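These notes are about the structure you will find just below.
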Amino acid sequence: MITINNKIAKIAGSVLLSLLGVAGVKGQPLMNGQVTIQNLSVSRSDDKLFISMDIDVSALEVKSNREVIFSPALTNDDHTLSLPAVMIAGRNRYYHHLRNNKLRPATTELYRRSNVSVVEYRTVVPYEKWMNTARLVTLNEICGCSDETLAGENEPLLALQLEPKVFVPDFVYIRPKAEPKINVLEGSAFIDFPVNRTEIHENYRRNPVELQKILNTIDAVRNDADTRIIALSIKGYASPESPYSNNERLAKGRTQTLKEYVQRQYNFPESIISTDYEPEDWAGLERAVENSDLQNRDAILALIRSNMEPDAKEWKIKKTYPADYSWLLKNIYPGLRHSDYAVKYEVRAYTDVAEIKRLLKMQPQKLSLNEMYLAAQEMAPGSEEYNETFEIAVRMFPDDEIANLNAANTAMHLRNLKNAERYLAKAGDTPEAIYARGIHAALSEDYTAAQRLFTEAKGKGIVRAEEMLKQIEELKK
């Protein structure tokens, strides 16, 4: 019986899957069943082709003055390579060949039929590309005492399907450092104050809604058992109309009033809340004008960006472009009177992998890169959840070099070279990033660039680059 080998063999210690093989079918008979081929296998390693089979001749009848010659060969439409032959001889022919030692071809292996049941046929030939889809055949001949061929027949043994050698990457992921998880929630509130006053009327116009926006942001953090508020900042802005000195008074006073309002709701320690103010929001005005269709848009922008004093600048716009100024006063200035707030908080550390996996699906913003990496180590490399973990990491930390490097590795594993290129552009210039760019070049079949990058990475201490360079050298051949 033939043993079907359905595994791709590998050279021990080599990352490259350079030994690729095929095996024959079960119990292949030759010569009307007198001979059976067992354990037929053809495989390739680097520049060599290995052919092995067991030729069972236990049922073969050979008369004393006759011999049977098996002449295997590799062939396709354009090439033929003859392999060493096997001769099974009867008694007289066996001793005839021993005396004369003139076997043709000279590589023929001679056996006496009564002394052998199974011939272990093994041969190695130089590999050539055409062999990938060649056929293994054998010419079976029966010869008489005068070397006369009495019968002959070509029989197929195996159709080869040897895959060409490909680059097999060995990815290097980086474990991020464990660091405190400091996050910030930000927002803007548009509190309505009485004209020229700084006190807050909680039920005035839209104040109930705007004040609640601030409280909701604080509560989202405060009511989460996993988080701790460490700072709250409020910055107030006024619009440019009226004298700058008065706007400064209003911005400062209204910001202080809003701080006192928040303090009454929560009784925070005094050190937690900080305030700042901008007397006139010229940056906000510039953005609004830049995105507008005002008739004198460019001229107004030039004034806004000039070095004139704020009051002189505002007066110049008002007097020179009264229609545009009127539109700004009505549509833009109200939005420049706002209070920006930010809640800075710390999230506790997570060490339980099951909890981290749950948060990856529900609240990934609570996790650090280190925690995501920790969870990934408990997943099967290359699995869907493993790949998704590094994708989540780069979405949550889009500018982090380590997150981008690890995501690039995942994308290359999936052969998504376009995404990998985008991530590698933000992966920095560490030795690991250079090594990853070498993998990207190799997968893109730019072996010259890959060789240069792997050589650089090797010089910077990436040990695995040595094996990658060996692969590139083989592929370039």
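Summary table below
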| read-out | value |
| --- | --- |
| Among (1) surrounded by 12 or more Cβ atoms within 10 Å (Cβ to Cβ); (2) over 22 Å from residue 221 (Cα atoms), the one test that residue 369 misses | (2) |
| Scope the stretch 274-289; condition surrounded by 16 or more Cβ atoms within 10 Å (Cβ to Cβ) and among the acidic types (Asp, Glu); matching residues | 278, 280, 281 |
| Residue in the stretch 379-404 that is surrounded by the most Cβ atoms within 10 Å (Cβ to Cβ), counting only those that are hydrophobic (A, V, I, L, M, F, W, C) and either within 11 Å of residue 369 (Cβ to Cβ) or not assigned by TED's automatic domain parsing to the domain that holds residue 366 (or both) | 393 |
| The stretch 114-143: number of residues that are outside any strand (DSSP E or B) and either among the hydroxyl-bearing types (Ser, Thr, Tyr) or touching a Gly at 6+ places or on another chain (Cβ under 6 Å) (or both) | 4 |
| Given (1) closer than 30 Å to residue 411 by Cβ; (2) assigned by TED's automatic domain parsing to the domain that holds residue 231; (3) of a type in the set (Gly, Ala, Ser), number of the condition residue 306 does not satisfy | (1) |
| Some residue of the stretch 370-387 being of a type in the set (Phe, Trp, Tyr) and assigned to a helix (DSSP H, G or I) | yes |
| Residue pairs meeting the criteria (Cβ under 6 Å; at least 6 apart or on separate chains; first closer than 18 Å to residue 343 by Cα and not assigned by TED's automatic domain parsing to the domain that holds residue 406, in the stretch 177-197; second part of a loop (DSSP other than H, G, I, E, B) and not small (Gly, Ala, Ser)) | 188/338; 190/338 |
| First in the stretch 334-351 and assigned by TED's automatic domain parsing to the domain that holds residue 189 and within 22 Å of residue 249 (Cα to Cα), second anywhere and among the polar types (S, T, N, Q) and not in a strand (DSSP E or B), Cβ under 8 Å, 6 or more apart | 334/239; 336/239; 337/239; 339/255; 341/217 |
| Breaking point among (1) within 47 Å of the chain's Cα centre (by Cα); (2) at pLDDT 95 or above, for residue 335 | (2) |
| Breaking point among (1) touching an Asp or Glu at 6+ places or on another chain (Cβ under 9 Å); (2) at pLDDT 95 or above, for residue 449 | (1) |
| Strands (runs of 3 or more DSSP E) within the stretch 30-109 that include 2 or more residues surrounded by 20 or more Cβ atoms within 10 Å (Cβ to Cβ), of a type in the set (A, V, I, L, M) and out of contact with any His (no Cβ under 8 Å at 6 or more places or on another chain) | 35-45, 48-56, 67-75, 86-89 |
| Test: residue 210 is closer than 22 Å to residue 267 by Cα and surrounded by 13 or more Cβ atoms within 10 Å (Cβ to Cβ) | yes |
| Extreme residue, farthest from residue 333 (Cα to Cα), among residues of the stretch 246-273 that are surrounded by fewer than 14 Cβ atoms within 10 Å (Cβ to Cβ) and touching a residue at least 12 places away in the same chain (Cβ under 8 Å) | 265 |
| Unique match (being modelled with pLDDT under 90 and either among the hydrophobic types (A, V, I, L, M, F, W, C) or surrounded by fewer than 17 Cβ atoms within 10 Å (Cβ to Cβ) (or both)) among 166, 184 | 166 |
| Test: residue in the stretch 334-346 that is part of a helix (DSSP H, G or I), in contact with an Asp or Glu (Cβ under 8 Å, 6 or more places away or on another chain), of a type in the set (A, V, I, L, M) and surrounded by fewer than 18 Cβ atoms within 10 Å (Cβ to Cβ) | no |
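The values are calculated or read from the model by the stated rules, or taken from the named source; none is laboratory data. Predicted model only: the values in this text are computed from it and were never measured. Cβ sites come from the backbone with ideal geometry, for glycine too, and all protein chains shown count toward neighbours.
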